[in-house]
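One structure is given below, encoded as structure tokens.
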């Protein structure tokens, strides 16, 4: 097993870490011990390059994935740090490199530029076929300062979040105030362990935020909404990103849902705001009906991931309807709204 280090975005205290594990499990990548602090996560994996590439391709809240080369004690001086670094058996690479310092907690014993320069000299002295390139290197050596010490790592891959930004709610042709942003939608799909080819059910598809990210992950999708306007809007959004197949959208009430297929996962954001259309039921009643109908249709062992205001106690609702609650995450939207994202599993 190899140790990889994942620098997380820091946008949430628990969600990014769980999302990474969801990606590894969805991609069937074997992993062992999980540790870390703050924005730094460490995971033991059997195939570090594949793990890095899949996390980079799928994650919304990871930033960089690196192979750990050494764990060092926290130095009090630059000389002590360099002494530790000189004792490391560096990989014999060919091409160009640069060194970057990352501070997770605490203060390094010198400024970042000085540490990068001195480690660069050590690398040049010990690796014959490398040269410095600060702009577009073949390799990046990472010096990561944590509360417990220092990690030296080799960057394997980085997450490009520009595509997610380009799919922001404000960028879509059909917009609605209740639409879920692509980062959270992608994270929820990863928490559901969605794999390419899986069939995802979104019974409250709305403007298609979750549907869009499911299709970008290579999944198939069935989406329903009680409001015909939302179904038309979701269709507009999906086709605007060149999705013309692989999904089915239809007007339907979750209380009357009767599927003739078995979804692999259910990922949804039920309505609970003033701007949503609710016909004859409270938001709590709709979520309750969704959980009952979804569990009836979902494959054994499949995930149901949904969000709801924390005062509704959504995790308790899921447990009371026979789901095994795997995890939950609180997300503060604004002063008057905190969402709870629940990850439930349909028992075998």
Residue ranges of helices (runs of 4 or more DSSP H) in region 164-272 with at least 1 members touching a helix residue (DSSP H, G or I) at 6+ places or on another chain (Cβ under 7 Å) and either more than 23 Å from residue 54 (Cα to Cα) or not assigned by TED's automatic domain parsing to the domain that holds residue 325 (or both): 228-240
Residue in region 241-249 that is over 24 Å from the mean Cα position of the chain (by Cα) and modelled with pLDDT under 90 present: no
Failed item in (1) without any contact (Cβ under 8 Å) to a residue 24 or more places away in the chain; (2) out of contact with any strand residue (DSSP E or B) (no Cβ under 7 Å at 6 or more places or on another chain), with residue 114 passing the rest: (1)
Qualifying positions in region 309-329 - assigned to a strand (DSSP E or B) and at pLDDT below 95: 309
Residues located in region 309-348, provided they are exposed (fewer than 15 other Cβ atoms within 10 Å of the Cβ), under 17 Å from residue 16 (Cβ atoms) and either touching a helix residue (DSSP H, G or I) at 6+ places or on another chain (Cβ under 8 Å) or not assigned by TED's automatic domain parsing to the domain that holds residue 263 (or both): 330
Checklist (1) touching a residue at least 40 places away in the same chain (Cβ under 8 Å); (2) surrounded by fewer than 15 Cβ atoms within 10 Å (Cβ to Cβ); (3) farther than 21 Å from residue 303 by Cα applied to residue 261, failing item: (3)
Residue among 43, 55 that alone is under 18 Å from residue 144 (Cα atoms), in contact with a strand residue (DSSP E or B) (Cβ under 6 Å, 6 or more places away or on another chain) and at pLDDT 95 or above: 43
Output for region 93-116, where each listed residue is modelled with pLDDT of 90 or more and either assigned to a strand (DSSP E or B) or loosely packed, with under 13 Cβ neighbours inside 10 Å (or both): 94, 95, 96, 97, 98, 99, 100, 101, 102, 103, 111, 113
Evaluation of residue 151 against (1) assigned to a strand (DSSP E or B); (2) surrounded by fewer than 22 Cβ atoms within 10 Å (Cβ to Cβ) (one fails), failing number: (2)
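Quick test for you: out of 30, 44, 37, 19, pick the one residue that is surrounded by fewer than 20 Cβ atoms within 10 Å (Cβ to Cβ), under 25 Å from residue 303 (Cβ atoms) and in contact (Cβ under 8 Å) with a residue 40 or more places away in the chain. Working first, answer last.
Details: 30 fails: in contact (Cβ under 8 Å) with a residue 40 or more places away in the chain; 37 fails: under 25 Å from residue 303 (Cβ atoms); 19 fails: surrounded by fewer than 20 Cβ atoms within 10 Å (Cβ to Cβ).
None of the others qualify; the one that does is 44.
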Criterion: part of a strand (DSSP E or B), outside the structural domain of residue 217 (by TED's automatic domain parsing), over 19 Å from residue 106 (Cα atoms) and within 17 Å of the chain's Cα centre (by Cα) - qualifying residue of 17, 50, 64, 33: 64
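Got a number for residues in region 294-308 being assigned to a helix (DSSP H, G or I) and loosely packed, with under 15 Cβ neighbours inside 10 Å? If you could, list the steps in order and put the result at the bottom.
Of region 294-308, the ones assigned to a helix (DSSP H, G or I) are 294-297.
Among the residues that remain, those that are also loosely packed, with under 15 Cβ neighbours inside 10 Å are: 296.
Count: 1.
Do you know which of the residues in region 188-207 that are out of contact with any strand residue (DSSP E or B) (no Cβ under 8 Å at 6 or more places or on another chain) and touching a residue at least 24 places away in the same chain (Cβ under 8 Å) is nearest to residue 7 (Cα to Cα)?
Step one: of region 188-207, the residues out of contact with any strand residue (DSSP E or B) (no Cβ under 8 Å at 6 or more places or on another chain) are 190, 195-196, 207.
Those still in the list that are touching a residue at least 24 places away in the same chain (Cβ under 8 Å) too: 190, 195, 207.
Working: 190: 17, 195: 23, 207: 32 Å.
So the residue we want is 190.
The values are calculated or read from the model by the stated rules, or taken from the named source; none is laboratory data. Bear in mind the structure is a predicted one, so any value in this text is a computation, not a measurement. Cβ: placed from backbone, ideal geometry, glycine included. Neighbour counts: every protein chain shown.
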